[in-house]
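The values are calculated or read from the model by the stated rules, or taken from the named source; none is laboratory data. This structure is a prediction, so every number in the text was calculated from the model and none was measured. Cβ atoms come from the backbone with ideal geometry, glycine included; neighbour counts cover every protein chain shown.
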Amino acid sequence: MTATGIYVHWPYCSAICPYCDFNVYRARGADNARLLDAIVADLEAHAQRFGRREIVSIFLGGGTPSLLRGAEVERLIDSASRTFALNADCEITLEANPEDAHLFAEQAAAGVSRFSVGAQAFDNQALRALGRKHDAAASLHAVEAAAATGQRVSLDLIYAREGQGAEVWRRELSQALKLPVEHVSLYQLTIEPGTAFARRVDRGQLAPPVDELAAELYEATQEVCDAAGFPAYEISNHARAVSARSRHNALYWQSEDWIGVGPGAHGRLTHNSARIALEAQRRPADYIDAVRENGAGWISEAQLSGEEAGDEMLLMGLRIEEGVDVARVERVRGKPLNTPALNWLLKQGLVAQAAGRVRLTRSGRLLSNRIVAELAS
Ligand SMILES: C[S@@+](CC[C@H](N)C(=O)[O-])C[C@H]1O[C@@H](n2cnc3c(N)ncnc32)[C@H](O)[C@@H]1O
Ligand code: SF4
């Protein structure tokens, strides 16, 4: 059986944050039962089409899946377990907003083994500027409530926020790393097209982070995390130990297989030696209709060409500290990486090469997309 992960997209949020461009909808009046029914049926459709697989990870992401009650989370996990074979160590992550801390105990009892708490900041003014509905005390309480369940805890923070200098960020991050967490995901604020923040930038009401400051903040992030025993193992992810790394995200970074269910979810499955890309209907009502009419939620199923699969492997694999196995990438893409570009990048100290693998250096991590484009050209 092929080791596979399951990503479940729960698209509802109690409010939409002004920086977020994920596939999200206001939760008001949402019909959880109909969407849960559709997701359960979609899981079964995947098993019929792609076989009963061994599941090593389930990731309940969003949106805000922490709005789900324990019984609803349990239904999702049970259905994955009945439809597939859950590995004994299956990692079950729930992305959680601090406002939902009162539900963590029942969600853990339902089977969640890892909470990814969206604290985002520990400063009230910053949280207001990010349009968050919780304050810093609630972020702290949520981390403690997640830890009190006895399950693994990760923390998300957004930095390079408007007006945030390196010293302020260093202090905030140092405090965060003293909390009972084994893992942190640290994202620079990105101004995504189509968001309220992008409109504010267009109107001159919000200053986007400038490159020099972003680079300084990235460097500060690495220093503070290294000193606190949270080395980076991926561009934005830091863990106290190898065992604390996200096993689910490793499936994406290492181009392994995962099923995506729920509105707008993407999947990648190896089937009959082909790499298949699947994408589900985006709008919840359309997703529910698609499952009712076709028995499955995905609306597109395309076989990736060798070059597409190889380039994706390069893009994702260069994010992690181990980098990529060059022979594997070249075999999949059916052609070599650009050797002059690789030599130039090595000379510039942007990538390093050892034992058949190429990886980004610390300075290379800031330029990852451009480096991938050069190597794949
Ligand atoms: C889609 S959210 C879901 C988690 C949860 N709903 C929350 O808000 O905490 C996943 C993570 O993406 C990050 N994120 C979303 N939009 C971002 C942006 N424009 N810039 C940087 N990070 C972003 C946040 O740190 C967030 O925790
Ligand atoms: S950041 Fe989280 S809570 Fe805010 S809109 Fe995006 S998914 Fe929802």
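Go through the range 1-14 residue by residue and tally those that are surrounded by 16 or more Cβ atoms within 10 Å (Cβ to Cβ) and out of contact with any Ser or Thr (no Cβ under 8 Å at 6 or more places or on another chain). If you could, list the steps in order and put the result at the bottom.
Start the filter on the range 1-14 by keeping residues that are surrounded by 16 or more Cβ atoms within 10 Å (Cβ to Cβ), which leaves 4-13.
With the extra rule that they be out of contact with any Ser or Thr (no Cβ under 8 Å at 6 or more places or on another chain), the set shrinks to 4, 7-9, 11.
Total meeting the criteria: 5.
If you scan the range 63-74, which residues turn out to be within 16 Å of ligand 1 (Cβ to nearest atom) and either hydrophobic (A, V, I, L, M, F, W, C) or at pLDDT below 95 (or both)? Once the filter is applied, which keeps residues that are within 16 Å of ligand 1 (Cβ to nearest atom) and either hydrophobic (A, V, I, L, M, F, W, C) or at pLDDT below 95 (or both), the range 63-74 yields Leu67, Leu68, Val73. Among residues belonging to the range 23-36 that are surrounded by fewer than 16 Cβ atoms within 10 Å (Cβ to Cβ) and without any contact (Cβ under 8 Å) to a residue 60 or more places away in the chain, point out the one that is farthest from ligand 1 (Cβ to nearest atom). Looking at residues that are surrounded by fewer than 16 Cβ atoms within 10 Å (Cβ to Cβ) and without any contact (Cβ under 8 Å) to a residue 60 or more places away in the chain, I get Ala33.
Enumerate the helices (runs of 4 or more DSSP H) found wholly within the range 280-377, keeping only those where 2 or more residues are on the phi < 0 side of the Ramachandran plot and acidic (Asp, Glu).
On the way: elements: 284-294, 306-317, 326-333, 339-347, 362-365, 368-376.
Helices (runs of 4 or more DSSP H) meeting the threshold: 284-294, 306-317.
Looking across the range 218-238, just one residue is without any contact (Cβ under 8 Å) to a residue 60 or more places away in the chain, among the polar types (S, T, N, Q) and either under 15 Å from Glu172 (Cβ atoms) or surrounded by 20 or more Cβ atoms within 10 Å (Cβ to Cβ) (or both), and that is Asn237. Of the numbered criteria (1) within 16 Å of ligand 1 (Cβ to nearest atom); (2) part of a helix (DSSP H, G or I); (3) in contact (Cβ under 8 Å) with a residue 60 or more places away in the chain, the one Phe59 fails is (2). Comparison of Glu321, Glu307 shows that the only residue that is acidic (Asp, Glu) and in contact with a strand residue (DSSP E or B) (Cβ under 8 Å, 6 or more places away or on another chain) is Glu321.
All conditions in (1) touching a residue at least 24 places away in the same chain (Cβ under 8 Å); (2) surrounded by fewer than 19 Cβ atoms within 10 Å (Cβ to Cβ); (3) more than 16 Å from ligand 2 (Cβ to nearest atom) hold for Arg82, with the sole exception of (1).
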